[in-house]
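Structure first, commentary second.
The values are calculated or read from the model by the stated rules, or taken from the named source; none is laboratory data. The structure displayed is predicted, hence computed values, not measured ones. Ideal geometry is used to build each Cβ from the backbone, glycine not excepted, and the neighbour counts take in all protein chains shown. Note: accessible area is taken over every heavy atom of the protein model, side chains too, but ligands, DNA and RNA are not part of it. Shrake-Rupley method; radii C 1.70, N 1.55, O 1.52, S 1.80 Å.
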Amino acid sequence: MLNISGAINEIVNKNSTLLWGLSNRLFNLSQLSRFIHPLIESRTKKSVQPTAILMNLSRLQRRVSKTSPKKNQFKIEDITTRSNLTILTFEKNKLIKEKINEFYKIFEGKNEYICITEGTSEITLVFDAKSRQLPNGIKPKKEYNNISAIGLRFSEKYVNIPGFIYTVVQELALQNINIIEICSTYTELIVYVTKENTRLTFNTIFDQFSEC
């Protein structure tokens, strides 16, 4: 059986909105205590006073406020954009891989954008739509057009600091920006968004994480 503190931790840690709100001190804790009161009682299986929930929430807020990553601790070194991209996602099999490898060779030596992401069951291909070419003989399970890539280059030190990618994605989520695809390398992060969200995505990242 959980105690009050354990029940609150369980609820907050399973809800990213609650965790983020507490870490940034955005909630009226008295109101939040009343809101989660029935959830606490169902987990502890006993009657709980709202003041006890409030006290534990206050302690948790102080703790997560100190340990949660702050966006102003992260700075990007460079930001780039590429527009007019197409994204194709395929079921992964031997034929698909062969066709995509053939398609990739077309782009070799050209100044055109292409990126391949391979998962356990799917392969996603992102390329410059101006090529006016598609892989021959294979049909994608999903296609997106008029996509923009926003590329971020950052310091190597952030690789060992928890929360960098989470913080970037969170800022975009607050702007209600839908990330179509995302990929990364050692010191680069690329988010793919629709044409309509390109300017807002760029401005959000630049304003929050630029060195300027």
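Which residue, of T86, T117, is within 30 Å of K157 (Cα to Cα), touching an Asp or Glu at 6+ places or on another chain (Cβ under 8 Å) and polar (S, T, N, Q)?
Result: T117 is the single residue among T86, T117 that is within 30 Å of K157 (Cα to Cα), touching an Asp or Glu at 6+ places or on another chain (Cβ under 8 Å) and polar (S, T, N, Q).
Which ones in segment 118-167 are part of a strand (DSSP E or B) and either aliphatic (A, V, I, L, M) or under 18 Å from Q208 (Cα atoms) (or both)? Quick ask: steps written out before the conclusion?
Just the residues of segment 118-167 that are part of a strand (DSSP E or B), to begin with: 118, 122-128, 142-154.
Matches in segment 118-167: I123, L125, V126, I147, A149, I150, G151, L152, R153, F154.
When you scan segment 32-64, how many residues do you find that are part of a helix (DSSP H, G or I) and either open to solvent by 90 Å² or more (accessible area, probe 1.4 Å) or of a type in the set (V, I, T) (or both)?
Looking only at that region, the number is 12.
From the set of residues in segment 97-117 that are among the aromatic types (F, W, Y) and either out of contact with any helix residue (DSSP H, G or I) (no Cβ under 8 Å at 6 or more places or on another chain) or assigned to a loop (DSSP other than H, G, I, E, B) (or both), which is surrounded by the most Cβ atoms within 10 Å (Cβ to Cβ)?
Per the stated criteria, the residue is F103.
Starting from residues that are open to solvent by 20 Å² or more (accessible area, probe 1.4 Å) and among the hydrophobic types (A, V, I, L, M, F, W, C), keep the ones in segment 12-31 and report whichever is farthest from the chain's Cα centre (by Cα).
If we take residues in segment 12-31 being open to solvent by 20 Å² or more (accessible area, probe 1.4 Å) and among the hydrophobic types (A, V, I, L, M, F, W, C), then L29 is farthest from the chain's Cα centre (by Cα).
From the residues in segment 171-185 that are open to solvent by 30 Å² or more (accessible area, probe 1.4 Å) and not in a loop (DSSP other than H, G, I, E, B), which one is farthest from T89 (Cα to Cα)?
If we take residues in segment 171-185 being open to solvent by 30 Å² or more (accessible area, probe 1.4 Å) and not in a loop (DSSP other than H, G, I, E, B), then L174 is farthest from T89 (Cα to Cα).
Report whether or not N9 is of a type in the set (S, T, N, Q), in contact (Cβ under 8 Å) with a residue 12 or more places away in the chain and over 22 Å from I165 (Cβ atoms).
yes
Scan segment 156-169 for residues that are farther than 21 Å from T124 by Cβ and open to solvent by 30 Å² or more (accessible area, probe 1.4 Å) and jot them down.
Across segment 156-169, the qualifying residues are E156, K157, V159, N160, I161, P162, Y166.
Report the residue count in segment 118-134 for those that are open to solvent by 20 Å² or more (accessible area, probe 1.4 Å) and touching a residue at least 40 places away in the same chain (Cβ under 8 Å).
Result for segment 118-134: 3.
For R153, indicate whether it is over 30 Å from E102 (Cβ atoms), open to solvent by 80 Å² or more (accessible area, probe 1.4 Å) and touching a residue at least 60 places away in the same chain (Cβ under 8 Å).
Answer is yes for this residue.
Determine whether S58 is under 30 Å from N9 (Cβ atoms), touching a residue at least 24 places away in the same chain (Cβ under 8 Å) and within 23 Å of the chain's Cα centre (by Cα).
No.
Identify the single condition in (1) in a helix (DSSP H, G or I); (2) touching a residue at least 24 places away in the same chain (Cβ under 8 Å); (3) closer than 30 Å to F164 by Cα; (4) open to solvent by 70 Å² or more (accessible area, probe 1.4 Å) that E77 does not satisfy, given that it satisfies every other one.
So E77 meets the others, but not (1).
Regarding G137, is this residue within 20 Å of the chain's Cα centre (by Cα), in contact (Cβ under 8 Å) with a residue 24 or more places away in the chain, over 30 Å from I4 (Cβ atoms) and surrounded by fewer than 16 Cβ atoms within 10 Å (Cβ to Cβ)?
Considered against the rule, which asks whether it is within 20 Å of the chain's Cα centre (by Cα), in contact (Cβ under 8 Å) with a residue 24 or more places away in the chain, over 30 Å from I4 (Cβ atoms) and surrounded by fewer than 16 Cβ atoms within 10 Å (Cβ to Cβ), G137 comes out as no.
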